[in-house]
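Encoded as structure tokens, the structure appears first; notes follow it.
The values are calculated or read from the model by the stated rules, or taken from the named source; none is laboratory data. Predicted model only: the values in this text are computed from it and were never measured. Here the Cβ positions follow ideal geometry from the backbone for every residue, glycine too, while neighbour counts run over all protein chains shown. We work out accessible area using only protein heavy atoms, side chains counted, and drop any ligands, DNA or RNA first. Shrake-Rupley method; radii C 1.70, N 1.55, O 1.52, S 1.80 Å.
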Amino acid sequence: MRKSDKQNALAVAAVALCFMITLGLCYLIGGEGFLLAFNQSDGEVKCYLLCSGSYENVTLARNAAELVKSRGGAGYVVTGEVCEVVLSAYAEKEDAEAVLQNGGAGSGAYIKEVTVGEISTEWASDAFADEAEDALGYYDTVFECLYESANGLAGSTLTLTDVRTSVAVCRARVEDLREKFNAAAAGDGDARTTELKLALVTAVALLDNAELYDNAGTVAAVSSLRYQCVQLVFCREALCEVLNG
């Protein structure tokens with residue numbers, strides 16, 4: 001399979017898995033070491049998305065997103081009553097505010113909060129509760145890898161080779177968590193067990209889908225890392241609602 005085909009396939013897989021998590025949420029509720037560093041409000045762990053602005057329709061948002069990507073931003077389009085374009089995700093509100101205040105996000109930018117934890121494991125059987133707790137740590141690991149890799153690459157403190165190595169190590173850690181959880185929870189039919197399994201597969205797919213090959217260029221690689229990070233945040237938000245529902 002050509003590299004471009006592989007990347008496209010992984011992108012489709014990631015989106016499909018996030019969609020499945022969202023479907024699970026609909027059925028269940030009626031139709032952040034590193035994680036602890038996230039700011040908390042009302043007992044909820046938050047992630048902070050820096051948005052370049054909101055747009056009346058998806059066409060305008062996508063045009064703005066392409067400009068954002070060309071400058072190394074995520075360019076992730078969130079659709080709803082209005083369409084929003086996300087520049088980057090932050091664990092600390094102060095970091096997002098610093099970029100906002102120094103004008104790095106442009107006029108009209110704002111911060112959007114997303115809930116990403118705490119996630120209860122009360123639903124998990126005693127036979128695999130510990131493994132479920134460990135498996136939920138995938139988010140901490142992947143967010144930190146994507147965030148630090150993007151910043152390091154953008155700041156020229158890391159090379160593409162460095163980032164590829166970091167992503168490979170991160171991927172191996174998540175695969176280890178996934179294998180241990182799958183083995184411990186084998187045969188369990190709870191829908192929440194399935195959702196966590198899907199979240200782990202999605203995390204691996206997001207890492208695989210980062211455009212880190214040499215001919216992509218540094219700016220494109222930074223943009224891709226940030227895009228995957230934002231997608232990780234929204235997948236985690238859906239998982240949080242499912243498992244805590």
Failed item, numbered, when K197 is tested on (1) in a helix (DSSP H, G or I); (2) over 18 Å from F128 (Cβ atoms): (2)
Output for the stretch 187-209, where each listed residue is open to solvent by 50 Å² or more (accessible area, probe 1.4 Å) and under 30 Å from A221 (Cα atoms): K197, V201
Subset tally (residues that are of a type outside the set (G, A, S), open to solvent by less than 60 Å² (accessible area, probe 1.4 Å) and outside any helix (DSSP H, G or I)) for the stretch 60-111: 11
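Any residue that is in contact with a strand residue (DSSP E or B) (Cβ under 8 Å, 6 or more places away or on another chain), closer than 24 Å to L87 by Cα and open to solvent by less than 50 Å² (accessible area, probe 1.4 Å) - is there at least one of those in the stretch 147-167? Quick ask: steps written out before the conclusion?
Within the stretch 147-167, the subset in contact with a strand residue (DSSP E or B) (Cβ under 8 Å, 6 or more places away or on another chain) is 147, 150.
Adding the requirement that they be closer than 24 Å to L87 by Cα leaves 147, 150.
If we keep only those that are open to solvent by less than 50 Å² (accessible area, probe 1.4 Å) too, we end up with 147, 150.
Taking every residue of the stretch 147-167 in turn, at least one turns out to be in contact with a strand residue (DSSP E or B) (Cβ under 8 Å, 6 or more places away or on another chain), closer than 24 Å to L87 by Cα and open to solvent by less than 50 Å² (accessible area, probe 1.4 Å).
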Residue in the stretch 219-239 that is of a type in the set (V, I, T) and over 13 Å from the mean Cα position of the chain (by Cα) present: yes
Count of the stretch 115-144 residues which are in a loop (DSSP other than H, G, I, E, B), farther than 14 Å from E237 by Cα and not small (G, A, S): 5
Qualifying residue in the stretch 159-168 (condition: farther than 23 Å from C235 by Cα, outside any helix (DSSP H, G or I) and modelled with pLDDT under 95): no
Pick from the stretch 210-222, criterion assigned to a helix (DSSP H, G or I) and open to solvent by 50 Å² or more (accessible area, probe 1.4 Å), ranking: nearest to G72 (Cα to Cα): V219
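Answer yes or no as to whether R178 is open to solvent by 10 Å² or more (accessible area, probe 1.4 Å), farther than 30 Å from R71 by Cβ, at pLDDT 95 or above and over 14 Å from the mean Cα position of the chain (by Cα). First the steps, then the outcome.
Working: open to solvent by 10 Å² or more (accessible area, probe 1.4 Å): yes; farther than 30 Å from R71 by Cβ: yes; at pLDDT 95 or above: yes; over 14 Å from the mean Cα position of the chain (by Cα): yes.
Yes.
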